[in-house]
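Worksheet: one structure, shown below.
The values are calculated or read from the model by the stated rules, or taken from the named source; none is laboratory data. Since the structure is predicted, the reported quantities are computational estimates derived from the model, not experimental observations. Every residue, glycine among them, receives a Cβ derived from its backbone with ideal geometry; neighbour counts consider all protein chains shown.
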Amino acid sequence: MTRAENPSQTEILARMAATRAELVAANHVTSLVGRPRRRLVPTDTPQGPVFLQTPYAGLIAAGLIVGTVLGPGQLVRTAARRGLVPWIVSTVKGLLTR
């Protein structure tokens, strides 16, 4: 069967052509009118200070609060006692056992 022999197919093709012509005409009109397009804003736009955008924002905030409550002197002593001294001791032990 060819297209001319099948009337339903011919009718469908004629409707498709008419619909396509309408769409082309509508798109041509909107391009002539040139309506303003919406500006796309990315959803992941950073908001707030840079230190709050880091994955360690909670740790930074806790450090700031502890520093405010304890004061800088106590904070330095605590950091040295809990972190720096054990690190130095383990490093020296490692060097001596070689």
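Restricted to region 1-14, and to residues that are at pLDDT 65 or above and either surrounded by fewer than 10 Cβ atoms within 10 Å (Cβ to Cβ) or assigned to a loop (DSSP other than H, G, I, E, B) (or both), which residue is farthest from the chain's Cα centre (by Cα)?
Out of the qualifying residues, it is Glu5.
Can you pull out every residue in region 43-98 that is of a type in the set (Ser, Thr, Tyr), surrounded by 10 or more Cβ atoms within 10 Å (Cβ to Cβ) and not in a helix (DSSP H, G or I)?
Those that are of a type in the set (Ser, Thr, Tyr), surrounded by 10 or more Cβ atoms within 10 Å (Cβ to Cβ) and not in a helix (DSSP H, G or I): Thr54, Tyr56.
List pairs: first in region 60-75 and within 18 Å of Val50 (Cα to Cα), second hydrophobic (A, V, I, L, M, F, W, C) and surrounded by 10 or more Cβ atoms within 10 Å (Cβ to Cβ), Cβ under 7 Å, 6+ apart or cross-chain?
Ile60/Phe51
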